[in-house]
Amino acid sequence: MKALLLTGLLATAGLAHADAVDALREFSRDVKSGKASFTQTVTSPDGKRKKLSSGSFEFQRPNQFRFAYTKPFEQVIVADGHKVWIFDADLNQASSRKLGDALGATPAALLAGSQIERDFTLKAQPAEAGLEWVQATPKQAESTVQSLRLAFKGKELAVMEIVDGFGQRSRLDFSGVQTNVPVSAERFQFKLPAGADLIEQ
């Protein structure tokens, strides 16, 4: 009886694990655009210091996205499919670089890219707190990201966790997720504010 129960549990676990990877594949394949709010928690490598921020996220495949941080300071990261701009309102300064140089195996590529399995190795993780998790390991050896994990509630994107090359951990909790909704093309166009400095990389 115990053997049957264990076999049943393993089979169920296998199905749950497949669901997390499948959810990411379906998200990448079927969700062409979307928008959401997010709260980001950045934790230092020693786990003692935390920084909180929040904002909104919009995307249109392939490779167009906009992260707009509103608290505690304003910062915008915009990609139009060719270039990525980062604008810091406090410094009144923007930087830009070619998308191919900036995107690679990054969190943005995982959310808004179109060829995730070219850049990442996907592996299901144990379910936690009602969420199905999948780990995405960058295939590029020189990636600045140690590890990436995404969580889905059913088919809905819920959480992204990032550990960078320095061991700093970032967690983005998404809310109000809307998929395959119209997003204005202007949201992915960056216009340099008057008087702002531009650094092109």
Margin query: Exactly one of these conditions fails for Glu156: (1) touching a helix residue (DSSP H, G or I) at 6+ places or on another chain (Cβ under 9 Å); (2) without any contact (Cβ under 8 Å) to a residue 60 or more places away in the chain; (3) buried (at least 18 other Cβ atoms within 10 Å of the Cβ). Give me its number.
Written below: (3)
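In this structure, does Ser184 turn out to be of a type in the set (Gly, Ala, Ser) and either within 19 Å of Gln64 (Cα to Cα) or loosely packed, with under 13 Cβ neighbours inside 10 Å (or both)?
Judged against the criteria, Ser184 is a match.
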Check: With (1) part of a strand (DSSP E or B); (2) at pLDDT 90 or above as the list, and Gln146 as the residue in question, which single condition is left unmet?
Finding: (2)
Check: Across the range 92-104, what is the number of residues that are outside any strand (DSSP E or B) and either in contact (Cβ under 8 Å) with a residue 24 or more places away in the chain or touching a Pro at 6+ places or on another chain (Cβ under 8 Å) (or both)?
Finding: 5
Item checked: the range 104-136 - residue that is exposed (fewer than 15 other Cβ atoms within 10 Å of the Cβ) and at negative phi and, of those, modelled with the lowest pLDDT -> Ser114
Margin query: Considering only the range 62-79, I want to know if a residue exists there that is part of a helix (DSSP H, G or I) and within 15 Å of the chain's Cα centre (by Cα).
Written below: no
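The values are calculated or read from the model by the stated rules, or taken from the named source; none is laboratory data. Values in this document were obtained by computation on a predicted structure and should not be read as measured data. Glycine also receives a Cβ, built like all others from the backbone with ideal geometry; neighbour counts cover every protein chain displayed.
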